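First up is the structure itself, then whatever we jot down about it.
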Amino acid sequence: MERNRYAAPPMEKIRVGFIGIGERGTTAVFRTSGIPGVETAAMADLRPRQCENAKAWLEEKGRPGAKKIHAGAEESWKALCDDPDVDVVYVTAPAPLHARMELYALRAGKHVLTEVPGARTIDEAWEIVETCEKARRHCMMLENCCYGEMEMFAWNLAHKGLLGTLVHAEGGYVHNLVWRQQEDDFRNRRFFDAPEVHDFGNTYPTHALGPICLYMDVNRGDRMERIVSMSSLAAAHSEYAAAKFPPDSWQRRTRWRTGDMNTSIIRTARGRTIMMQYSIDSPRPYSRINLIQGTKGCFCDYPPRLALADVPGGEAEWMDDAAFEKARREHMHPLWKTAGELAARDGGHGGMDFVMDLRWVWCMRNGLPLDMDVYDLASWSSIVPCSAESDRRGGEPVELPDFTRGAWRTAEPTSIGDVDLAKLGF
Ligand SMILES: NC(=O)c1ccc[n+]([C@@H]2O[C@H](COP(=O)([O-])OP(=O)(O)OC[C@H]3O[C@@H](n4cnc5c(N)ncnc54)[C@H](O)[C@@H]3O)[C@@H](O)[C@H]2O)c1
């Protein structure tokens, strides 16, 4: 079959409806409302107050859009999807709701942008692929880490061929969230009821995996074939609770299942390996690891380091600071050269959230395919159930579905391009 390189007709004005105006949703509304051509058409949340606060901010800043509010009930968001004045539905609700919201919005004829992960089961992932193909609409997962400055630098090194033949990568989401137990508020209560802390496997894989798949052109010349996954014991959450809270507290009564460290390894059709780690319970400092290794070189982040050999298989040392800085300037991705200053101002996670939003806006306004599509959403998200299955079975290999149905063999690699700020209206 032919790979769906879907592109919609150019859109001069993009009317966005946001579902889930919590931490991510509020910042997404604020960020995107500053990009020319984007209008905040509507917002939906279980809690009306969240939408009202965001609306008040938008009005104070004079940001465009009707700013309609659909709030107060579990399914108020459906009215936003059915609203003829909404072109794009931007989902920032809790993860277990993503698939239902994506499917409903696609069936209502909307383009969909969704927070991570885009699906939590294989059935959901297939249904999203099939519904998207039928609807002929965009459906992109908002994997912001693909747009980090160092990730785009590494993407550029890989695609310029400076690392040689790519053979291996490592990624991670090592982010201590144990402290969230201290805050007994709405969001944290929900967080500790969420599957992310009570499932086997890697329950939050896409920050680690997304950038690596773009380096390796996964789904466009290669594909992830199988995974093995194992978790350590779960200890840090309970030990923290025991040290901090009384015996009858909800923190002490909670039984944490997700291991303090999950390690998964994926093998691709072209024989590459991808190692991923997931830990939200470790004193180990924050890291997405972000390592990409080829026959001629290796880049690794946290802190950023680069080693380049003269010949494939040649010896190489990490560059010193001056040499690395020279390489960073020389091979910085054009998008970061263009947007780095604005990203630093309008930011989100070191600027990458803004760069991500800028890029999909540019693509939609110019009728271009998006950098990531529904096949990426499905295959990256499929790591949630497949790593859980492997982990539950003591680390046995689990086959990963080919959501492109063979089209990965002939699909062209994605070329993440630049944007023109003046043409966008900045
Ligand atoms: N990409 C990233 O860097 C990143 C970072 C954090 C979270 N996330 C993802 O973003 C999503 C949201 O996370 P968050 O931290 O903003 O959570 P949050 O709890 O702060 O926000 C979620 C919002 O959704 C609302 N909501 C709940 N049920 C709803 C319903 N039925 N209809 C409408 N609204 C509903 C809640 O009231 C809340 O305001 C999650 O899926 C998470 O995985 C991504």
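Here the Gaussian network model covers the chain, with springs between Cα atoms less than 10 Å apart; of Tyr204, Tyr240, Tyr104, Tyr240 fluctuates the most. Filter the trypsin sites (Lys or Arg not before Pro) in region 91-156 down to the DSSP loop ones having no more than 13 other Cβ atoms within 10 Å, then list what survives. When the trypsin sites (Lys or Arg not before Pro) of region 91-156 are filtered for loop state and at most 13 Cβ neighbours within 10 Å, Arg136 remain. Dividing the mean sequence gap of close Cα pairs (under 8 Å, 6+ apart) by how many residues the chain holds gives a relative contact order of 22 percent.
Of the residues Gly118, Gly17, Ala66, the one whose Cα sits farthest toward the positive end of the charge dipole of region 14-142, with +1 on the Cβ of Lys and Arg and -1 on the Cβ of Asp and Glu, is Ala66. For the chain, the square roots a ≥ b ≥ c of the C-alpha gyration tensor eigenvalues yield an a/c under 1.5, which makes the shape rounded. For region 311-426, the relative contact order comes to 26 percent (Cα pairs under 8 Å, sequence separation of at least 6). When only the Cβ of Lys, Arg, Asp and Glu is charged (+1, +1, -1, -1), the dipole of region 299-426 relative to its Cα centre reaches about 420 debye. The distance separating the Cα centre of region 160-184 from that of region 203-242 comes to 8 Å.
Taking square-rooted eigenvalues a ≥ b ≥ c of the alpha carbon gyration tensor, is region 14-142 rounded, prolate or oblate, where a/c under 1.5 means rounded and, failing that, a/b exceeding b/c means prolate? Prolate is the answer for region 14-142, as a/c is 1.5 or above and a/b outweighs b/c.
Between Asn53 and Thr338, the distance separating the two model label sites (each 7 Å from Cα on the Cα→Cβ line) works out to 3.4 nm.
Along the positive direction of the dipole of region 14-142 (beta-carbon charges: Lys, Arg +1; Asp, Glu -1; about the Cα centre), which of Ile128, Thr26, Pro36 reaches farthest? Ranked along the dipole, the leading option is Pro36. Pull up the DSSP beta bridges for the chain and report the antiparallel fraction as a percent, rounded to 5. Taking every DSSP beta bridge within the chain, about 50 percent pair in antiparallel fashion. Each helix, a run of at least 4 DSSP H residues, gives -39500 (n - 2.57); summed and divided by the residues of the chain, these come to -10500 deg cm²/dmol at 222 nm.
So how far apart, in nm, are the two label points at Trp318 and His168 if each is 7 Å from Cα heading toward Cβ? Placing both labels 7 Å beyond Cα along the Cβ direction yields 1.7 nm.
Specify whether the C-alpha gyration tensor of region 118-183 places it in the rounded, prolate or oblate class, a ≥ b ≥ c being the square roots of the eigenvalues: rounded for a/c under 1.5, otherwise prolate if a/b is larger than b/c and oblate if not. Cα axes put region 118-183 in the oblate bin.
Highest-first packing order for the peptide set 339-345, 368-374 is 368-374, 339-345, based on the mean count of other beta carbon atoms within 10 Å. Taking the chain, the Cys residues with no second Cys beta-carbon under 4.7 angstrom are Cys51, Cys81, Cys145, Cys146, Cys213, Cys298, Cys300, Cys363, Cys386.
Among the GluC sites (Glu not before Pro) in region 248-330, those placed in a DSSP loop whose Cβ has at most 13 other Cβ atoms within 10 Å are Glu315, Glu317. Region 82-124 and region 314-343 have their alpha-carbon centroids 36 Å apart. Contact order, relative form, for region 14-142: 24 percent (alpha carbon pairs under 8 Å, 6 or more residues apart, mean separation divided by residue count).
Every number here is computed from the coordinates shown, using simple stated rules; none is lab data. Keep in mind that this is a model prediction, so the values were computed, not measured. So basically every Cβ, Gly included, is an ideal-geometry build from the backbone, and we count neighbours across all protein chains shown.
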